[in-house]
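These notes are about the structure you will find just below.
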Amino acid sequence: MKKRAWLGVAAAVLTLMVMTACGSASGSSTTHIKIGVSGSDDKYWKVLSEKAKAKNIDIELISFSDYTLPNKALANGEVDLNSFQHLAFLSQFNVENNTDLVPVGATVIAPMAVYSNHYKSVEEIPDGGKIALPDDPSNQGRALKVLQAAGLIKLKDGTGLYPTPDDITENPKKLEIVPVVAQQTPRVLPDVAASVINSGVASDANLKLEEAIFKDDPASEEAKPYINVFAARAKDKDNEAFKTIVELYHDPDVEAAVKEDSKGANVVVDSSPAELQATLDKLEENVKSGH
């Protein structure tokens, strides 16, 4: 009887220990999250990481130099999340690599804007003026759409995300489109009427968004493909730690750091995962159909 009683007590103690351990895991244990990024020295990551620690989330940033690598690492399970790309980029990667990566939260739109050393508005740009824009397909297509939104040109219907100068159907000012390497778009400003420059290059050249004579409208339909996101594997889209990280990104202190890092260029966007997924689905359909 004594042996049975001792065994009963031991079992009860073991059960209590297991229950206590489970309570600790759900209440105070730290969750380690690896996030793939294209650069890890921005101030906002430090602010975000500190706030995450208070929520028992330890963020480890894994920096990649090649834009294709963070998605491959995510698909292979080498990282848990990544944060470096917009939806247009993600859609193309998913289709070309047969992956199922999904957006779990929005971060920013990095506006593409028109800058000029000579004119204070797009209306002032003269007939025959030279307009520089990036020569790579993604940035060039977006730049042409910016010029169209500014009322300077009109593009052929159905050009998708990657129009070229050949798709210009109306050019009332007979502007001369001058494609250059993206990093050169600020450097040619003295020699052109205006230059279309993406956010990162503009920031590196110490150009402030308020100096632009025209820019993307972050709230427009045209801008939706360029919303940057936190991406995860589809099976992990409801992960609670991921949701917390997305929420913390939109904390006022983190948003202030994002603005400081980008010299005011990046615009923080708060779109729901469902809205982001709907946009991604449309973009993937367009990629598959060649638009």
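The values are calculated or read from the model by the stated rules, or taken from the named source; none is laboratory data. Treat the numbers as computed from the prediction; the structure is a model and nothing was measured. Please note: Cβ atoms are built from the backbone with ideal geometry, for glycine as well, and neighbour counts cover all protein chains shown.
What's the number of the only condition in (1) at pLDDT 95 or above; (2) charged (D, E, K, R); (3) not in a helix (DSSP H, G or I) that ASP157 fails to meet?
All conditions are met except number (1).
State all residues of the stretch 235-254 that are of a type in the set (D, E, K, R) and within 18 Å of ILE35 (Cα to Cα); if no residue qualifies, say none. Working first, answer last.
In the first step, residues of the stretch 235-254 are kept if they are of a type in the set (D, E, K, R); the result is 235-238, 240, 243, 247, 251, 253.
LYS235, ASP236, LYS237, ASP238, GLU240, LYS243, GLU247 - these are the residues of the stretch 235-254 that are of a type in the set (D, E, K, R) and within 18 Å of ILE35 (Cα to Cα).
What pairs come up if the first residue lies in the stretch 211-222 and is over 24 Å from ALA193 (Cα atoms), the second is among the charged types (D, E, K, R), and their beta carbons are under 7 Å apart, counting only those six or more places apart or on different chains?
As it stands, the answer is GLU222/LYS145, since those pairs meet every condition given.
Does VAL192 fit the bill of being assigned by TED's automatic domain parsing to the domain that holds GLU50, in contact with a strand residue (DSSP E or B) (Cβ under 9 Å, 6 or more places away or on another chain) and in contact (Cβ under 8 Å) with a residue 40 or more places away in the chain? Spell out how you get there, then give the answer.
Working: assigned by TED's automatic domain parsing to the domain that holds GLU50: no; in contact with a strand residue (DSSP E or B) (Cβ under 9 Å, 6 or more places away or on another chain): yes; in contact (Cβ under 8 Å) with a residue 40 or more places away in the chain: yes.
Answer is no for this residue.
State whether the residues of the stretch 15-32 include one that is out of contact with any Pro (no Cβ under 9 Å at 6 or more places or on another chain), under 24 Å from ALA75 (Cα atoms) and modelled with pLDDT of 95 or more.
Here is the first cut: in the stretch 15-32, the residues out of contact with any Pro (no Cβ under 9 Å at 6 or more places or on another chain) are 15-32.
Okay, now just the ones that are also under 24 Å from ALA75 (Cα atoms), so 30-32.
This time we only want the ones that are modelled with pLDDT of 95 or more, so: 31-32.
Yes - at least one qualifying residue is present in the stretch 15-32.
Output the residues belonging to the stretch 222-231 that are part of a strand (DSSP E or B), at pLDDT below 95 and not polar (S, T, N, Q).
Here is the first cut: in the stretch 222-231, the residues part of a strand (DSSP E or B) are 227-231.
Retained after the next criterion (residues that are at pLDDT below 95): 227-228.
Result: ILE227, single match.
Mind checking which helices (runs of 4 or more DSSP H) fall wholly inside the stretch 60-150 and carry at least 3 residues that are within 26 Å of PRO179 (Cα to Cα) and not assigned by TED's automatic domain parsing to the domain that holds ASP42? Explain how you work it out, then say what you get.
Numbers: elements: 69-75, 87-97, 137-149.
In the stretch 60-150, 137-149 are the helices (runs of 4 or more DSSP H) which contain 3 or more residues that are within 26 Å of PRO179 (Cα to Cα) and not assigned by TED's automatic domain parsing to the domain that holds ASP42.
Take the residues in the stretch 167-201 that are over 13 Å from SER116 (Cβ atoms) and among the hydrophobic types (A, V, I, L, M, F, W, C), then tell me which one is surrounded by the fewest Cβ atoms within 10 Å (Cβ to Cβ). Before the answer, list the steps.
Pass one, the stretch 167-201, residues over 13 Å from SER116 (Cβ atoms): 167-174, 176-184, 187, 198-201.
Then drop every residue that is not among the hydrophobic types (A, V, I, L, M, F, W, C), which leaves 168, 177-178, 180-182, 201.
On the way: ILE168: 19, ILE177: 18, VAL178: 17, VAL180: 15, VAL181: 12, ALA182: 20, VAL201: 20.
Filtering the stretch 167-201 for residues that are over 13 Å from SER116 (Cβ atoms) and among the hydrophobic types (A, V, I, L, M, F, W, C), the one surrounded by the fewest Cβ atoms within 10 Å (Cβ to Cβ) comes out as VAL181.
Out of (1) out of contact with any Phe, Trp or Tyr (no Cβ under 8 Å at 6 or more places or on another chain); (2) closer than 25 Å to LEU189 by Cα, the odd one out for SER289 is which?
Condition (2) is where SER289 drops out.
Residue by residue, here is whether (1) closer than 28 Å to TRP45 by Cβ; (2) among the hydroxyl-bearing types (Ser, Thr, Tyr); (3) buried (at least 23 other Cβ atoms within 10 Å of the Cβ); (4) more than 19 Å from the chain's Cα centre (by Cα) holds:
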position	(1), (2), (3), (4)
VAL95	no, no, no, no
ASN98	no, no, no, yes
VAL102	yes, no, no, no
MET112	yes, no, yes, no
LYS120	no, no, no, yes
PRO137	no, no, no, no
GLY151	no, no, no, yes
LYS154	no, no, no, yes
LEU161	no, no, no, no
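Can you tell me which residues in the stretch 232-272 are at pLDDT below 90, in a loop (DSSP other than H, G, I, E, B) and aliphatic (A, V, I, L, M)?
Once the filter is applied, which keeps residues that are at pLDDT below 90, in a loop (DSSP other than H, G, I, E, B) and aliphatic (A, V, I, L, M), the stretch 232-272 yields only ALA265.
How do the pairs read when you match residues in the stretch 50-66 that are more than 16 Å from VAL37 (Cβ to Cβ) with residues anywhere that are in a loop (DSSP other than H, G, I, E, B) and at pLDDT 95 or above, using Cβ under 8 Å and keeping only pairs 6 or more apart or on different chains?
From residues that are more than 16 Å from VAL37 (Cβ to Cβ), the pairs are LYS51/ASP251.
Quick one: which of GLU260, GLU221, GLU247, GLU255 is surrounded by fewer than 21 Cβ atoms within 10 Å (Cβ to Cβ), out of contact with any Cys (no Cβ under 8 Å at 6 or more places or on another chain) and either outside the structural domain of GLN92 (by TED's automatic domain parsing) or under 27 Å from GLU96 (Cα atoms) (or both)? Spell out how you get there, then give the answer.
Numbers: GLU260 fails: either outside the structural domain of GLN92 (by TED's automatic domain parsing) or under 27 Å from GLU96 (Cα atoms) (or both); GLU247 fails: either outside the structural domain of GLN92 (by TED's automatic domain parsing) or under 27 Å from GLU96 (Cα atoms) (or both); GLU255 fails: either outside the structural domain of GLN92 (by TED's automatic domain parsing) or under 27 Å from GLU96 (Cα atoms) (or both).
Unique residue meeting the criteria: GLU221.
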